[in-house]
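The values are calculated or read from the model by the stated rules, or taken from the named source; none is laboratory data. All of these numbers come straight from a predicted model, not from anything done at the bench. Glycine also receives a Cβ, built like all others from the backbone with ideal geometry; neighbour counts cover every protein chain displayed. Just so you know, the surface numbers come from the protein's heavy atoms only, side chains and all, with ligands and any DNA or RNA stripped out. Shrake-Rupley method; radii C 1.70, N 1.55, O 1.52, S 1.80 Å.
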Amino acid sequence: MTTTQTRPGIPHQRRGVLRRILPVDEYAGLARVIVERSARLYLRAWAVLISGVVEPLFYLLAVTVGFRSLVPDVTLADGSTVPYVDFVAPALLAASAMNGAISETMSIYFKLRYDKLYEAMLTTPVGPLDIVLGEVGWAVLRGGFYGTVFLGVLTAMGLVSTPWAVVLVPVGLLVSFAFAAVGMAWATTLRSQAQLDYVTLASTAMFLFSTTFFPLSSYPAPLQWLVQLSPLYHGVELARMFFLGAPVPSALLHVAYLVVLAVGGLSVARARLRSMFLG
């Protein structure tokens, strides 16, 4: 739209739809550089990346070996019954995608408050939206990686019984997208390291109370609406219906909820970075 330079090094030639629409100091089409930086960083810290795969597998092993004999079946809202492991497995996949995205966005606090990384980036042609898209993009890849590995384990264990299960890969990416965007927006508001505990508290509460282990009908009626506000609840329900091979039109509502959260998170995070560093 405009070729006016407001910061040194921003190129005059702007190609691509976003680069033509957005202000020149907002987006330079360099989000991939942020993603590449994170990928190179984790080549030297691959153990941190792999460790996130292990935790949900422990839960799956506990459910498969221990709880199967204690809670053999679960009754769904439509009156049908499914094995408890089939009820929990897709929920753990969605939770692993959430954890991957949140773990990545929590590191944004340190990049922002201690490393002054974004402040340095914004002295280059990189814009606030480049940073947001790059950080969120890498978090989505990390969360999607966890979800895909988890699905591979489910398949190897013989727990996958429907071709619909392949849709769990994009479901994991969507869950990661929503949590990464909201997580980054939240990270820009944190003032102290102690406030990171609020993020841990929120993610733990969502993990335990988003119908991960119990159906919605098991909650008291006044609390069911609160459960349904949880972003993870929508990811869990979406993953569960495709894992069980019974997608219904309500899947679109779950998708819409997560997309709205993701877009809102991106917008807030971009605005926060701009106000913090560019005025």
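Which of the residues belonging to segment 75-106 are without any contact (Cβ under 8 Å) to a residue 24 or more places away in the chain and either in contact with an Asp or Glu (Cβ under 9 Å, 6 or more places away or on another chain) or among the aliphatic types (A, V, I, L, M) (or both)? Residues satisfying the conditions are T81, P83, Y84. The number of residues in segment 262-279 that are closer than 24 Å to G137 by Cβ, open to solvent by 50 Å² or more (accessible area, probe 1.4 Å) and not aromatic (F, W, Y) comes to 9. The set of residues in segment 178-201 that are open to solvent by less than 60 Å² (accessible area, probe 1.4 Å) and in a helix (DSSP H, G or I) comprises A178, F179, A180, A181, V182, G183, M184, A185, A187, Q195, L196, V199.
When S161 is tested against (1) out of contact with any Gly (no Cβ under 8 Å at 6 or more places or on another chain); (2) open to solvent by 40 Å² or more (accessible area, probe 1.4 Å), exactly one condition is not met: (1). Taken together, the residues in segment 229-256 that are under 29 Å from L133 (Cα atoms), assigned to a helix (DSSP H, G or I) and either open to solvent by less than 70 Å² (accessible area, probe 1.4 Å) or in contact with a strand residue (DSSP E or B) (Cβ under 7 Å, 6 or more places away or on another chain) (or both) amount to 15. Listed by position, the helices (runs of 4 or more DSSP H) inside segment 39-155 whose residues that are crowded, with 21+ Cβ neighbours inside 10 Å number at least 3 are 84-113.
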